[in-house]
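To start, the structure under review is shown below, and the notes come after it.
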Amino acid sequence: MFQGKTLSLVKHADAVVELIFDLQGESVNKFNLLAVAELEQALGLLEQTKGINGLLVTSAKEVFIVGADVMEFGAVFAAGPEQIIGHLANNNRNNCRLEDLPFPTVVAINGIALGGGLEFCLACDYRIASTSATKIGLPETKLGIIPGWGGTVRLPRVAGLDTAVEWIAAGKENTAEQALAAHVVDAVVEPAKLREAALFTLSEAIKGKFNYQARRAQKKAPLQLNIMESMLAFETSKAFVGAQAGRNYPAPVTAIKAMQKAADKGRDEALQIEAEAFAKMAQTPAAQSLVGLFISEQLLSKKAKGWEKKADKKIARAAVLGAGIMGGGIAYQSASRGVPIKMKDIAQKGIDLGLAEANKLLSKRVDRKKMTASEMGDVLNRIEPALTYDGFDQIDIVVEAVVENPKVKRSVLAEAETKVSADTVIASNTSTISITYLAEALQRPENFCGMHFFNPVHMMPLVEVIRGIKTSDNAIARTVAYANTMGKKAIVVKDCPGFLVNRVLFPYLAGFAMLIRDGVDYQRIDKLMETWGWPMGPAYLIDVVGIDTAVHAEKVMADGFPDRMQRSFTSCTDALFAANRLGQKTEKGFYNYALDKKGKLAKAASPEALEIIKPTVINNIEISDEDIVARMMVPMATELARCLEEGIVETAAEADMALVYGTGFPPFRGGVFRWIDSIGAQAFCDMAAKFSQLGALYVPPASLKAKAANNQTFYG
């Protein structure tokens, strides 16, 4: 009946028509502008053709529809509210026409149905889902927007208000079984039976045994809630979700407000309310930042897959040198993703600590019903403890994770190289030590690179893959491939002190130390930076990292960049380190720590820390909150701009994503470079100039000054 580049219509002998989504040239289906236009044509044919009994909707790919094409959002959002609402109207007309066809419709959901993909499914009469890797949900709030193709209208009418609020506000992906329990889908079957089950459902609806018209009436009608139920449900939801999301992420509460405003309206009026709320969110800085991060994440994924394709072999066996917390975390991550790993240490005590760490992480997953005890056993069986190098000649990649000491690392790396095959890649998990320097101890430096995990390994998504002067492309490719397999976000950077993340994090902490020196209370700084969007303030962050670790890394950075990072004063961290207050590990740092009722370390103000720090305070300035934030952020931003200028990182997108993944930089701000774009390069340079007397960290590099002079941005 119809053959397009994104979908086709096939008429079967039993007067059932099949609508098949199959976007040419792509591995997944998505609603781009072409798909929307072709769906409009197909619906016209379905409306005009007589003798059709029912419509079956399927996908020719391994997934159903991943959602809208986010790459098209920029142009749409930039066009303004009226154009955004007009864009939404095209999609909503299609879904309403689908919902109003003069025969029943059944969709077979295989794999992913997210965002616009699920909204399309909700417009169908019946939804049958496959158990195979199915992900169903409305993740729009994670992009700073709300569902715009009927999600806030149909989901509460199909599955109930509680489910709609939970699914839309959280934006999480759900399994087929969870969708069935929530009444979002009507049945869940094995993949091999999906088509059969969908056709059976359609047949029963055609025969009149399933009342699809009643379902349509429910979706077109107001929500079935009385005034008291409605008020209680919506007001409670707004208060709870608002507290969870925070003021920097307005989309979840806006979605609930749209549902509330549309609760007593019919379908068409409710869709208009949703469209207006969507347009409002699409114009917010948060949406622009979060959509930008999504696009940057796609770039990262594409580059990582590109590196993986260049690898000479698949990583089948791995090893980690140095057990303990970090080694155990790496072993857990590798084994849990299906890659067997040897965990070697020189002492049984280290092995025991590493195994205990892996066991603890796995036990938590079992307790949370994320895996079975049997699956936990399988993962543990993939971790092979070792006190010798036996079998290392069969290893594809070795990750060194011993103590952060150059001499120790060089010794261990040189020894390990003699125990592995000539093509084994060796990677160091160092956080600060030069990869080129460590490679000097090796006979095959081309097989060596950095693989910097962030702690805790199982939670932090970023892995920096560091290229030394002699590192080969294959070593990078194999290491990125391993990171991909482990479920990590790999960013390839060049070698320099601190690499990328620590190189720009320590100027931020230097700004903090200078504020303390000048008499600003660190608790005030922590509160301000958390309000600005950081997950924790700088003092709290240093306590979590470890004050001893921070002092060591600070010395490495000062040696590497003496013109900017060498201090001429005794800092607050020096004083706390001398007093053996090392942070959470000793339960005393900037704050005091004790276990709360849930067994987690809770921080409390520490009068002792204030007394220890007092001698390091040599000024007593009055300063505004705005200037405190500026003095914290300018050093980080100028150093990141230098990294981009020097080619330490290839793109602004990768630089921004590294800080979001590696430091918790506020996602709603979109990264350092998006933040600079939002205020303007000239405004940033003016901000920096205000504090230029503080030193070179407050002087923008030439590339940033050029952007200011030419009114340029980091992102188009």
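The values are calculated or read from the model by the stated rules, or taken from the named source; none is laboratory data. In this text, all values refer to a predicted model and were calculated from it rather than measured experimentally. With ideal geometry, Cβ positions are generated from the backbone for all residues, glycine too; neighbour counts draw on all protein chains shown.
Checking each residue in region 603-637 for being assigned to a helix (DSSP H, G or I), in contact (Cβ under 8 Å) with a residue 40 or more places away in the chain and of a type in the set (A, V, I, L, M, F, W, C) picks out Ile613, Ile628, Val629, Ala630, Met632, Met633, Val634, Met636, Ala637. When region 524-546 is filtered for residues that are in contact with a strand residue (DSSP E or B) (Cβ under 8 Å, 6 or more places away or on another chain), at pLDDT 95 or above and among the hydrophobic types (A, V, I, L, M, F, W, C), only Ile542 remains.
Just one of the numbered conditions (1) of a type in the set (Val, Ile, Thr); (2) outside any helix (DSSP H, G or I); (3) crowded, with 20+ Cβ neighbours inside 10 Å is not true of Ile346: (3). Take the conditions over 29 Å from the mean Cα position of the chain (by Cα) and in contact (Cβ under 8 Å) with a residue 40 or more places away in the chain and apply them to Gly391. Does it pass? Yes; evaluated as a whole, the condition is true for this residue. Within region 420-431, restricting attention to residues that are in contact with a strand residue (DSSP E or B) (Cβ under 9 Å, 6 or more places away or on another chain) and more than 12 Å from Gly468 (Cβ to Cβ), the residue that is surrounded by the most Cβ atoms within 10 Å (Cβ to Cβ) is Val425. Thr471 satisfies every condition listed in (1) part of a loop (DSSP other than H, G, I, E, B); (2) crowded, with 24+ Cβ neighbours inside 10 Å; (3) in contact (Cβ under 8 Å) with a residue 40 or more places away in the chain except (3). Of the residues Val465, Val492, Val457, which single one is of a type outside the set (D, E, K, R) and at pLDDT below 95? Val457 is the lone residue from the list that is of a type outside the set (D, E, K, R) and at pLDDT below 95. Put simply, of Ala358, Ala316 the only residue that is among the aliphatic types (A, V, I, L, M) and either in contact with a Ser or Thr (Cβ under 6 Å, 6 or more places away or on another chain) or modelled with pLDDT of 95 or more (or both) is Ala316.
Filtered by the rule that a residue be under 18 Å from Ser472 (Cβ atoms) and part of a loop (DSSP other than H, G, I, E, B), region 403-457 gives Val420, Ser421, Ala422, Asp423, Thr424, Ser434, Glu440, Ala441, Leu442, Gln443, Arg444. Leu640 falls short on exactly one of the conditions (1) under 23 Å from Tyr698 (Cα atoms); (2) in contact (Cβ under 8 Å) with a residue 40 or more places away in the chain; (3) surrounded by fewer than 16 Cβ atoms within 10 Å (Cβ to Cβ), and that condition is (3). Note on region 112-155: residues that are of a type outside the set (D, E, K, R), touching a Lys or Arg at 6+ places or on another chain (Cβ under 7 Å) and more than 23 Å from Ala275 (Cβ to Cβ) total 1. Scanning region 10-68 for residues that are of a type outside the set (D, E, K, R), touching a residue at least 24 places away in the same chain (Cβ under 8 Å) and within 22 Å of Asn91 (Cβ to Cβ) yields a count of 31.
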